[in-house]
Amino acid sequence: MTWSFEVTPVDHPDAAQLLREYLDEIASRFYERQVTDEELDALLEKNHSRDLTPPTGAFLLAWRDGVLAGCAGLRVAAPYITELTRVFLRREERGKGGAALLVAAAEDVARGLGATLIRLDTRDDLVEARALYARLGYETVEPFNDDPFAHHYFAKSLELPDRVQPAKRD
């Protein structure tokens with residue numbers, strides 16, 4: 001299995017398709033019913049992702065063996081702080097190690113955006129996401145927004161990988 005990740009414009013057709021699938025799944029889980037196309041269209045407009053583009057953010061697509069598999073978004077929240085959002089893998093791609101790799105790729109892009117801290121919020125019902133973030137070293141933090149759908153807040157320090165640590169001078 002080969003995973004690859006690519007920063008892609010959020011208005012690219014593949015990105016738009018995955019954002020639609022993402023919102024369809026999380027809204028349907030929240031409402032405990034399948035949302036209608038009209039509801040989904042309204043949610044996509046209200047929860048747009050237009051700021052997930054440089055210099056205010058980035059959007060990644062994930063591919064497994066050449067097949068579009070998922071996405072993740074990054075939003076610059078403040079100097080040195082980036083928020084992770086829209087992390088999603090298609091159902092058929094879950095359980096294959098891609099989620100951890102996708103988050104790691106997003107962390108690398110966040111570093112490129114100047115972040116030394118990455119943070120995120122998530123809901124009570126997204127149990128799998130909370131377990132993933134805890135496993136990847138994200139720690140629970142105090143709320144940093146007033147989003148009524150956010151119940152859990154996480155953050156992680158983004159130290160530079162060993163291979164790119166600045167050389168120490170004597």
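The values are calculated or read from the model by the stated rules, or taken from the named source; none is laboratory data. Everything numeric in this text was worked out from a predicted model, so none of it was measured. Every residue, glycine as well, gets a Cβ built from its backbone with ideal geometry; the counts of neighbours run over all protein chains shown. Ligands, DNA and RNA are stripped out before the accessible areas are found, and what is left, the full protein with its side chains, is counted by its heavy atoms. Shrake-Rupley method; radii C 1.70, N 1.55, O 1.52, S 1.80 Å.
Structure values in brief
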item: Share of carbon and sulfur in the accessible heavy-atom surface of the chain [1.4 Å probe, %]; result: 53
item: 10 Å Cβ shell holding at most 11 others, DSSP loop, GluC sites (Glu not before Pro): longest site-free stretch of the chain; result: 33-158
item: Built amide H within the under 5 Å cut-off of G57, gap 5+; result: V76
item: Dipole moment magnitude, nearest 20 debye, the range 14-170 about Cα centre, only Lys, Arg, Asp, Glu C-beta charged; result: 640
item: Where only C-alpha atoms are counted, convex hull volume of the range 1-89 per residue in Å³; result: 109
item: Candidates D146, D24, D124: whichever shows maximal mean-square fluctuation once the chain is modelled as a Gaussian network with Cα springs under 10 Å; result: D146
item: The range 40-133 - Rg and Dmax from Cα coordinates, angstrom; result: 13.3, 37
item: Sparse-neighbour loop sites [trypsin sites (Lys or Arg not before Pro); the range 1-110; at most 16 other C-beta within 10 Å; DSSP]; result: R33, R50, R94, K96
